[in-house]
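Worksheet: one structure, shown below.
The values are calculated or read from the model by the stated rules, or taken from the named source; none is laboratory data. Just so it is clear, the structure is predicted and the values come from calculations on it, not from any experiment. Cβ placement follows ideal geometry from the backbone for every residue including glycine, while neighbour counts extend to all protein chains displayed.
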Amino acid sequence: MELFSIPEYAVKKAQRLGASDIIVAAGRSNSKQIKFVDNEIAVTKNWQDESAGVFLNYNKRVVSANIKQFTKQEVDSTLIKLVKLAKLLPPKEDYFGLAKGFSQYKKVDGLFDKKLVNFNKGTDFVQAAINAGLSAGAKRVTGVFDTTYDESYVVSSNGLNMTDKGSGISISVRALASKEASGHKMIQANVLQGFNADKPGSEAGNIAKKGLNPQHIKPGKYNILFSPLPLADLLGCVAGACSIDAHESGMSFFNKLGQKVASPKLTIYDWANLPFGVDSYGFDAEGTAAQKTTLIDKGAFKTYLHNFSTAQKYKTQTTGNAGLTSPSPSNTYIVPGKSSQKALIEKMKKGLIVTNTWYTTFQNYQKGDFSTIPRDSIFYVENGKIKCPVKDIRITDNIINILKSISAIGKDSEQVSSWAAEPPSYGNNIITPSILCKNLNVTKSRN
């Protein structure tokens, strides 16, 4: 059985078995990756993947499975096993069905570039990034370059019948000027136009060079200017905590709609149909049209993310974020401010610039208590000017306190994803400028 003939066949077969709310999706992808280590290309990989999966409801018993072999016999066998399994399960009383799907949706610009289907110039981009990093002052440049092309076909019993395709390109560059002086930058996009691998290489190399000979500082309260990369980690947690599933499972620090959870300077959207957004889509997994949803409006928490079933449970509207079993964020868009990077540093007066983080862990999800270790070059600022690089610090604070402490937001945004996402983050695409926060708690990361 050809892969893309599975969805229609499987939906009809499942209906004959007595199932309802059926969604069957099939997809194939072609991915290429180049890893480079210490200024040299180390590994190149090219892999293809094909997959098919089914979700169905049988009298409020919800089950799902992957179809491993693309034959009629395997599809039939999988569906029969799913229905048998469903009959053994207790009913899911808070399941209320699927949204209505369609066979046409408004096109979202910038999600597919045919130039990336058989892209073979990755080594040129990698070499450009390496050369730019070395020219900026790095001694060693390491990272990964990826391209991907995928196509899918999804059919549901509720009217969804759509083919789709997408593409992606990204590069992550880590430059080292010494053992203790490093910089990390990345860029990601769906289309080739405007993609410049020189920029992250040069910026990572520049950060590394400025980070030579870092000093220790005393623990205490500091104003902190977060660059986009560490914000991918923190704001990914914010977006993840907006899922109604995170709220129900005790993984969310947003406990009540309408609460003031942030500075009035902060507005955040979940923008699923953002043109050229890395995590954009025309329709969600159920077939609901993608939309722009306000999560935080001038500091006030406005909504959780819902699929159709959770929306029915809470007597609200789906936000188009299915996830059939767990609503999840798409592009997290932070509305830019008006400050340049120089102006943000001047407004900080005295504090720290954090260019990257890792090991972001929560001690209490419901309260939002967490800690994170700044990674790569960190800079100490006095009188609005960078005085010296610093090292061995940890930020130990509360995510709501950080959101409320925002005093200024930059004007230049970047698309970034967390490279070390942990719950409640989904590792989704973040579009954010730099953000300045006041009086955060800084401790030592080692004795």
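A few comments on the model shown:
- When A132, A86, A128, A99 are screened for being aliphatic (A, V, I, L, M), in contact with a Ser or Thr (Cβ under 9 Å, 6 or more places away or on another chain) and part of a helix (DSSP H, G or I), only A132 passes.
Residues checked against (1) buried (at least 17 other Cβ atoms within 10 Å of the Cβ); (2) touching a Ser or Thr at 6+ places or on another chain (Cβ under 6 Å); (3) not acidic (D, E):
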position	(1), (2), (3)
A241	yes, yes, yes
A246	yes, yes, yes
F254	yes, no, yes
G258	no, no, yes
A262	yes, no, yes
T267	yes, no, yes
W271	yes, no, yes
L274	yes, yes, yes
S280	yes, no, yes
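- Qualifying residue in the stretch 45-52 (condition: in contact with an Asp or Glu (Cβ under 9 Å, 6 or more places away or on another chain) and either at pLDDT below 95 or not assigned by TED's automatic domain parsing to the domain that holds L274 (or both)): yes
- Some residue of the stretch 194-202 being within 21 Å of K387 (Cα to Cα), of a type in the set (D, E) and outside the structural domain of K349 (by TED's automatic domain parsing): no
- Members of the stretch 395-432 found to be charged (D, E, K, R) and touching a Phe, Trp or Tyr at 6+ places or on another chain (Cβ under 9 Å), listed by number: D397, E422
- Wholly within the stretch 310-388, strands (runs of 3 or more DSSP E) carrying at least 2 residues that are of a type in the set (S, T, N, Q): 357-364, 369-374
- Against the conditions (1) of a type in the set (D, E); (2) part of a loop (DSSP other than H, G, I, E, B); (3) out of contact with any Phe, Trp or Tyr (no Cβ under 9 Å at 6 or more places or on another chain), D109 satisfies every one except (3).
- Number of the exception - V63 against (1) touching a Leu at 6+ places or on another chain (Cβ under 7 Å); (2) aliphatic (A, V, I, L, M); (3) under 20 Å from N196 (Cβ atoms): (3)
- Summed over the stretch 389-418, the residues that are more than 30 Å from V191 (Cβ to Cβ) and not in a strand (DSSP E or B) give a count of 9.
- Selection within the stretch 406-425 - surrounded by 23 or more Cβ atoms within 10 Å (Cβ to Cβ) and under 21 Å from Y365 (Cα atoms): S418, P424, S425
- Those residues of the stretch 246-284 which are assigned to a loop (DSSP other than H, G, I, E, B), touching a residue at least 12 places away in the same chain (Cβ under 8 Å) and among the hydroxyl-bearing types (S, T, Y), in sequence order: S252, S263, T267, S280, Y281
- For the stretch 308-347, a tally of residues being under 24 Å from S418 (Cα atoms) and crowded, with 22+ Cβ neighbours inside 10 Å returns 13.
- When residues in the stretch 290-329 are screened for being within 23 Å of F96 (Cα to Cα) and within 20 Å of the chain's Cα centre (by Cα), 19 of them pass.
- Residues that are among the charged types (D, E, K, R) and free of Cβ contacts under 8 Å to residues at least 60 places away in the same chain were ranked within the stretch 285-309; the one that is nearest to G110 (Cα to Cα) is K292.
- Complete set of residues in the stretch 286-301 that are surrounded by 19 or more Cβ atoms within 10 Å (Cβ to Cβ) and touching a Ser or Thr at 6+ places or on another chain (Cβ under 9 Å): E286, G287, T288, A290, T293, L295, I296
- First in the stretch 351-365 and crowded, with 19+ Cβ neighbours inside 10 Å, second anywhere and in a strand (DSSP E or B) and among the small types (G, A, S), Cβ under 7 Å, 6 or more apart: T355/G183
- Within the set K60, K35, the sole residue that is surrounded by 13 or more Cβ atoms within 10 Å (Cβ to Cβ), among the charged types (D, E, K, R), on the phi > 0 side of the Ramachandran plot and assigned by TED's automatic domain parsing to the domain that holds P7 turns out to be K60.
- Pairs with Cβ under 6 Å, 6+ apart, first in the stretch 374-402 and closer than 17 Å to L176 by Cα, second hydroxyl-bearing (S, T, Y) and crowded, with 19+ Cβ neighbours inside 10 Å: P374/T357; R375/T357; D376/S182; D376/T355; S377/T355; P389/S377
- Residues in the stretch 419-447 that are over 30 Å from D146 (Cα atoms) and either among the aliphatic types (A, V, I, L, M) or in a strand (DSSP E or B) (or both): L436, C437, K438, N439, L440, N441, V442, T443, K444.
- Residues satisfying the stated conditions in the stretch 231-248, i.e. in contact with a Pro (Cβ under 9 Å, 6 or more places away or on another chain) and of a type in the set (G, A, S): G236, A239, G240, A241, S243, A246
- In the stretch 38-57, the residues that are surrounded by fewer than 22 Cβ atoms within 10 Å (Cβ to Cβ) and either of a type outside the set (S, T, N, Q) or within 14 Å of V155 (Cβ to Cβ) (or both): D38, E40, I41, A42, V43, K45, W47, D49, E50, G53
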